[in-house]
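The values are calculated or read from the model by the stated rules, or taken from the named source; none is laboratory data. In this text the structure is predicted, and so the values were computed from the model without any measurement. Glycine gets a Cβ as well: all are built from the backbone with ideal geometry, and neighbour counts include every protein chain shown. Only protein heavy atoms, including side chains, enter the accessible area calculation; ligands, DNA and RNA are left aside. Shrake-Rupley method; radii C 1.70, N 1.55, O 1.52, S 1.80 Å.
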Amino acid sequence: MSTARTRPPLARPPIVQAGAAVLRGAAFPVPPEEIESPEFQSLVDRMIATMRAAPGVGLAAPQVGVQKRVFVMEDREELMARLTPEQRALREREPLPLTVVVNPELEVVGEERALFFEGCLSVAGYMALVERAREVVVRGQDRRGEPLVFRGRGWPARIAQHEFDHLGGTLYVDRMLTRSFCANEHAAALLALPVAEARRLLGA
Ligand code: ZN
């Protein structure tokens, strides 16, 4: 998942862009014996480096052209520096340590929902309002094949749902309020508004 930015994206981001079939197929489970292989470890390292370079807060294997069920997440203070304390609190956005999830399953906790703008490194240059569950639990394996349970609320839950969607061939544009789809050049103005006001302006 991307952070909304006001500067234009790189002309040729090293990330697969929407329209590629690899982003629309279902990714395949990673066999236990493959997880510790040098090839798989190298894939995970490449995903982490690509996410950080973008920069983004999450990346799924199909976004680097690999149809395997693995994603990475990480959110850092520097990536949320543009948000006011109030915006951060509303989004429940807190630093998220680097997390690698292999073969994830996702469970929604409770019925609370949250609606905010989000973007995707595979739909570079845009963002839109997407409703997500406020809290989720992800179960899978870590990069060593050990059992992993990740419980996220607020922004980390949003990131997890976005990345999990990638493994099933779903992009946020499939879930967005279509009229809220906007270029990042409008991000600063729209993100400064309460979500309800942004919706009113866009008719979303
Ligand atoms: Zn994405």
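Structure data summary
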quantity: Inter-label distance for residue 189 and residue 21, nm, one decimal - labels placed 7 Å from Cα along Cα-to-Cβ; calculated: 4.1
quantity: Under 12 Å, Cβ to Cβ, from residue 23 - net charge with Lys/Arg +1 and Asp/Glu -1; calculated: -1
quantity: Sum of side-chain charges, residue 102 neighbourhood, beta-carbon under 15 Å (Lys, Arg +1; Asp, Glu -1); calculated: -3
quantity: Length gained when the stretch residue 36-residue 179 is fully extended (0.36 nm per residue, less Cα-Cα span); calculated: 47.1 nm
quantity: Carbon/sulfur fraction of accessible area - the chain, other protein chains in place, 1.4 Å, %; calculated: 54
quantity: Only Lys, Arg (+1) and Asp, Glu (-1) charged, at Cβ; the chain dipole about Cα centre in debye; calculated: 640
quantity: Highest-first arrangement of 124-132, 45-53, where packing means the average Cβ count within 10 Å; calculated: 124-132, 45-53
quantity: Segments 157-167, 97-107, 194-204 sorted - mean Cβ within 10 Å per residue, highest first; calculated: 157-167, 97-107, 194-204
quantity: Euclidean distance between Cα centres, the stretch 133-204 to the stretch 61-89, Å; calculated: 10
quantity: Angle between the chain longest axis and helix 38-53 axis [Cα atoms, degrees, rounded to 10]; calculated: 20
